[in-house]
Amino acid sequence: MQSSTAQDAVSAESAEPHSFSSKEQPKKVLTTVETERYGVRWKGKYGTWIEPDIVDAVDPYIYVHGPYCPHDGHGLRVGTVTKQVVRTDTAWICDACDRTYSYPEEGLSDESRIEYEMKQQLKKQRAQAQATD
């Protein structure tokens, strides 16, 4: 997934895509979670849109943001990488370490895969915490 940018010409096209989630950031963050998907890191905030003590029944949700470089944790931006003289590919680019990561052709617009993985991690963490209590 990773390519050597020393051999590739890179051109910037847009800013860091940190507003990946279609939801708003939670106002009350209960916990955070991270996962790796598509070769890059994603961060999630698990929380509620309103303070839980104000309303009795508030369903928590995950707000996904990213992607981040798995090597150094910096935010990635979308850009174009020239692979050959006539071929360019869209890629995530880390300006801090000059690495590029393949941008998936399909599935990225649906954050539910990343959210699902994060929900599974949270369930596993809760089960482990209950087992140690």
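Please treat every number below as a calculation from the coordinates, not as lab data. Computed from a prediction, not measured in an experiment: that's the story for all the values here. Virtual Cβ from ideal backbone geometry, glycine too; neighbours counted across all protein chains shown.
Estimated at 0.36 nm per residue, the fully extended path between Q121 and H71 surpasses their Cα-Cα distance by 15.9 nm. Computed from the C-beta positions of A131 and T32 and an R0 of 22 Å, the FRET efficiency is 0.55 to the nearest 0.05. Candidate cross-link partners of K27 among the lysines, defined by an alpha-carbon separation under 23 Å and a same-chain spacing of 8 or more, comprise K43, K45, K119, K123. Calculate, for D59 and A96, the FRET efficiency according to 1/(1 + (r/R0)^6) with r their C-beta to C-beta distance and R0 41 Å; round to the nearest 0.05. That pair, D59 with A96, gives E of 0.65.
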